[in-house]
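Reviewing the structure listed below.
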Amino acid sequence: MSTPPRAEAWALLTEWTHSESLRKHALAVEAAVRGYARRYGENEEAWALVGLLHDFDYERFPTADDHPFRGCDELRRRGYPEWVMRAILSHAQYSGVPRESLLEKSLFACDEMAGFVTAAALVRPSKSVLDLEASSVIKRMKDKAFARAVSRDDLRQGAQELGLPLDVHVTNVIESLREQADALGLRGSL
């Protein structure tokens, strides 16, 4: 599995994505996917790269007609390996690309969950992921008004596709985000 350098991927992300929140989302998904690569004994750099780049085109092309298709066109133009584009395409339910590999399933499972865990951390009094527990995240999932744009079905489906109980998946994502708490702005007051 040939992996382009992270610095190259970061430069592409920052060229195409100016929103700090979208950049932090990319970093959070990168951390969570890297965590799964480590758990499964896979190539951490390769998996992390996919997590970092999965939404790099979203700011320029936010519609389902364009995202992530336009980004994959750009990655292909730049010579990225086909497995990168396939994984990125598979994270969009509407792309027509089924999730088959463990990487593809991990990206889908981590995408929305990383965002949801981030939101759950930021509403805590500490504003930190360091004292966040899975039970708190799962409780927030039951509150339809909280992060209402996030599909609860997608959160559950991600864990199911990985063959994990929801609380285990949430814990895994929390642990991965804790490793990058400073970069993600999730250290809070702790």
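Each value in this text was obtained by applying a stated rule to the coordinates, not by laboratory testing. These numbers come from a predicted model, not from an experiment. In this analysis, Cβ positions are derived from the backbone assuming ideal geometry, glycine residues included, and neighbour counts consider all displayed protein chains.
Here are a few things to note about the model shown:
- Protection proxy ranking, peptides 18-27, 126-135, average beta carbon neighbours within 10 Å, highest first: 126-135, 18-27
- Per residue, the convex hull around the alpha carbon atoms of the chain comes to 111 Å³.
- Loop-resident sites, the stretch 30-102, for GluC sites (Glu not before Pro), counting at most 11 other Cβ within 10 Å (DSSP): GLU100
- When each of the peptides 90-96, 66-72 is scored by the mean number of other C-beta atoms lying within 10 Å of its residues, the order from highest to lowest reads 66-72, 90-96.
- The trypsin sites (Lys or Arg not before Pro) of the stretch 131-166 that DSSP puts in a loop, and whose beta carbon has at most 13 other beta carbons within 10 Å, are LYS142, LYS144, ARG148.
- Simple Cβ-charge dipole of the stretch 6-182, Lys/Arg +1 and Asp/Glu -1, about Cα centre, in debye nearest 20: 460 debye
- Charge dipole (the chain, unit charges on Cβ, about Cα centre) - positive-most of HIS67, ILE174, VAL97: ILE174
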